[in-house]
1. What nm value, rounded to one decimal, do you get for the distance between A:Thr8 and C:Met244 when each label is placed 7 Å out toward the C-beta?
2. Give the shape of chain C as rounded, prolate or oblate, defined through the alpha-carbon gyration tensor: a ≥ b ≥ c are the square roots of its eigenvalues, a/c under 1.5 means rounded, and otherwise the shape is prolate if a/b is larger than b/c and oblate if not.
3. Using a cut-off of 15 Å between beta-carbons, work out the net charge of the residues near B:Lys235 (Lys and Arg +1, Asp and Glu -1, B:Lys235 not included).
4. Sort B:Thr139, C:Thr151, C:Thr236 from largest to smallest accessible area, using a 1.4 Å probe on the heavy atoms of the protein chains.
5. Any idea how far apart C:Ala269 and A:His76 come out in nm if each label point goes 7 Å out from Cα toward Cβ?
6. Would you list B:Ser137, A:Ser344 from the most to the least accessible area, probe 1.4 Å?
7. For C:Asp258, list long-range residues whose amide hydrogen, built 1.01 Å from N in the peptide plane, is under 5 Å from its own amide hydrogen.
8. Report relative contact order for chain C in percent, whole number only (criteria: Cα-Cα under 8 Å, sequence separation at least 6).
Amino acid sequence: MYLSRLKTSFLAAVWILILTFPLAGIGTRETKVVTGEESTIKQELVLRSGPFLLAGVVFACGLLWLGVKPLGRVIHAVSRRARNLSARGGFMIWKRVVLAGLMLAVIVAVLSMPFWGSERAMRKYVDLGVEVWLYVLLALGLNITIGWTGLLVLGYVAFFCIGAYVYAILSIQCGLPFWPGLLVGGLSASIAGILLGIPSLRLRGDYLAIVTLGFGETIRYLMQNLKSVTGGMQGLPNQDISGTIAVPAWISDGPPRSVHYYFLTLTLVVIVVLLLRRLNNSRIGRAWVAIREDEVAAQAMGINTFKLKVLAFALSAFVAGMAGVVFAARIGYFTPDAFKFETSVLVVAMVILGGMGSIPGVIAGAALLWLIPWALRDPIPRFLSTHFPAMENVGIEDYQLAIFGGILVLMMIFRPQGLIPSRRASYEMGLEEEEESR
Amino acid sequence: MQSLFNGLVQGAVYALIALGYTMVYGILRMINFAHGEVYMIGAYLSVVTLSLLTALGFAAVSVPLCLLVSLAVAMVFCAAHGFTVERAAYKPLRQSHLLVPLISAVGMSTFLQNYVMLAQGKAPRDFPHEFRELLVSRTFEPFGVRVNLLELVILGGTLLMLVLLHLFVTRTNMGKAMRATSQDMKMASLAGINVDRVISVTFVIGSALAAAAGVMVCMYEKNTCFDRGYLAGLKAFTAAVLGGIGNLPGAVVGGLLLGIVESLGIWLLSPDYKDVYAFIVLILVLLVRPTGLLGEQVADKS
Amino acid sequence: MCPGHDRREFFFSGTNTAVPQDAQNPTTVAQPARPLLEVTSLSKHFGGLKAVEAVDLTVNEGAIFAVIGPNGAGKTTIFNCLTGLYAPTAGRVRFKGRDITGLKPHKVIAVGMARTFQNIRLFGGMTVLENVMVGTHCRMTGGVAGALLRTPGAKREESWCARRAMRLLEFVKLEGMADQWARNLPYGSQRRLEIARALAAEPDLLLLDEPAAGMNPAETDELMKLILQIRTRNMTILLIEHHMKVVMGISDRIAVLDYGMKIAEGTPAEVRCNPRVVEAYLGKDDACLEI
């Protein structure tokens, strides 16, 4: 059996080698040849190590798989033991204590983070923290549609974009202050969500994915081309919108501006989490999950599926719109390029990685997917530039997406329920065999 | 007239890609988001093959032959890509909830797109000039419409492949198996059809067609870039939905219609919104006929 | 959105509930012959296929009415037309004297007609209790604002809903499984859970689509008891069933469908020896259906 697996992984590696060879293996090098007066550019073909590397990775994964399978069985047995123990009580208390301790530590760390270390280091981390919280907000919002209601929305960034532009434009042209702006941005995204939802939510799930994707692109094109209103690709002028959160004097006199945004985003996250939890355990939340599980049965049980799906859309868009307002206010200057399809995919990846429908999972997913690339932003480009010589100036964003794509596929295959699965979703997504065998 | 004709050419390409979406959808009921990427890979493959052939000195021998070779290479390798994508990313998920393979497909699409970017760089790659020249330089002017040979090749090639596909689906055993599988996968497998093989063949054919489209468009638009597949795939999918997804003639009608609408939109309204027209048409059509133009009403059995 | 006036609280008539109850209870068990559901010349065609053709049915209040027929006779199609999942091609459906033809499914249940499905359609990823709570959806009014602010009204409604669901689980003997995943229940329990979920909507008419399918004899007996028990709670039952023992054992009237058309109707004894029925089921020679 092991031998056959070995053979399979070897064959897979060879297959990948052949498959990737034309694109990744053959590179061109352009050299200028100067002969007397005229210079011609001569194209030279070079061999690259890329495909060999990929094939190696595939082979190594195959080998690893050989070891992982029995290991997985051991882990499974141990965890089942632990579960049985915890079911008997006793163990439960310790688990709770440890969990509570961890939670406390995380809370203290999150709250005190802006006050660590030197001014310069702090600024760097605080900015990072704001970004993380913004993405957590987006992921929480998207979780309403994808995780709970089971609607795949692939143009989520459009609502973020609408929130940002509405606030920026209104604050420049009419001097709209931040706090009402937060509401206005959220509401306008919400209205856009309803307008999009009314025609498209009657469709099957996969049509919906494509329509929302198209919507996301359409919004971006509009922002690019309505130059008189949005400034097109030049973006909007910045001086008027940044740094205008109205806060009591005792706050504004204290720490620097980026710390305000840190706590602003953190507060928003906390509020949204609290509200979403309430919603999840209500008539509305149950109806959403029922729609995800079986739409026909949900309808037959008296749920107005269309209305509830529009509602999910509207709420989810509202959260994104608010996040957009905060984004616009903080960054001050942005162009339509900030709202590409990639961002939508990133947020989807966050929700999936963390665990669809699970609030802690989604938060963890968003934080991980933003922090890991950030932590790796130096070592990986260095590695890549040695092995893919054509890519000397590859930045973090460049390989990030390829990895996200891979993560999505691998997660779907190996752990569709996410890192921290929701109590409900884990069963929906295919964990049941394991439970039944218990 | 001119813009109508351009729309027709563009539409033929959409139709070719849309066929891949529709075939996969008909059988697996899922959107193969990675299909647009396969189309883009096809374009890259032809460019790479041609520059390889040039470097090896074959270009001097026969330019048309080199073009055909590159087309063949692109189609074969894309078919292999399609096959691999299905095996790696979709097959393990066949029993899961509807959303699961869909997300996997989105992931695959993102992965392939960025893999090509890492391998071939961010800048667009030009289609080798001397090969393009062969087809573009010859123009005709019937009925006051400027037409070059390449455009005729695109139309003719599309037509040829449609006819071949139609014959394949209606006349061969494999085609019959495909139709049976799209009706009811479980029944088909009970009737002794190797469903896995049918699905693989579907992906292989769809990818090869997309590759052909990729090569031709790459010639038409002079170059290709790693992010072209995403938009083209999106529009082709729109075309498939327009015509009624799962329906082969529907994909062709939808593709042609979309191409014409787009070029009319550019001509009559504004070229700035070139890529938006497709979605507006999509939403309008779905509002009126959720099953697409040629789609039939399917009873939802409860 | 819920009609409050015809609410009947069989399972839970405590006085401290948040939801208003009707004091009067107009119907009693022994008051027959008032039609609750009247179906006139109902047809449903799928393209050229006439799944249901000009079927008339009248279900009286308090009855257990069974619809039987060979596979593909159009029984489930009738259910789907009644509950709004299909729009009938022709014909009228009157329920409690009101024309409900073509009403949307979620409205049909609010009017008082709840159903189960032939191939069980539970919300597998929700708990047993939550499944029943979803059934109460149309009898609740709580909206987003109530849930977000957790107003006293919303809280009260929520706990009312949970307690009621628990009562219903006790009624179908699933109270010990309240926290299990619906998907993990054994088959017979899933059927009972589906019934409980439908009962949660407080229907006047309960539509059961092959409730005994796949059950073993013991489970079937339990089910028959359960159905009779539901009837004593003043509910009318429309039943599709293949299991002859169930059909003949509990129903008051039986309609027989074949190829989309009603070929017979009557009491179990009448139907059993009706030559057309026997022919449809067994072929020409036999005299009566063996039970």
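The values are calculated or read from the model by the stated rules, or taken from the named source; none is laboratory data. Keep in mind it's a predicted model, so treat the numbers as computed, not measured. Cβ placement follows ideal geometry from the backbone for every residue including glycine, while neighbour counts extend to all protein chains displayed. To get the accessible areas, we keep the full protein, side chains included, count just its heavy atoms, and leave off ligands, DNA and RNA. Shrake-Rupley method; radii C 1.70, N 1.55, O 1.52, S 1.80 Å.
1. With each label placed 7 Å out from Cα toward Cβ, I get 5.1 nm.
2. Numbers: a/c = 1.85, a/b = 1.60, b/c = 1.16.
Cα axes put chain C in the prolate bin.
3. Values: positive: B:Arg228, B:Lys274; negative: A:Glu217, B:Glu37, B:Glu221, B:Asp227, B:Glu262, B:Asp275.
Summing Lys/Arg as +1 and Asp/Glu as -1 gives -4.
4. Numbers: B:Thr139 70, C:Thr151 50, C:Thr236 5 Å².
Highest to lowest solvent-accessible surface, that is B:Thr139, C:Thr151, C:Thr236.
5. Simple spin-label model gives 6.0 nm for this pair.
6. Numbers: B:Ser137 70, A:Ser344 5 Å².
From most exposed to least exposed: B:Ser137, A:Ser344.
7. Close amide H contacts, sequence-distant or interchain: C:Ile263.
8. Values: 538 pairs, mean separation 69.0, N = 291.
This gives 24 percent for chain C.
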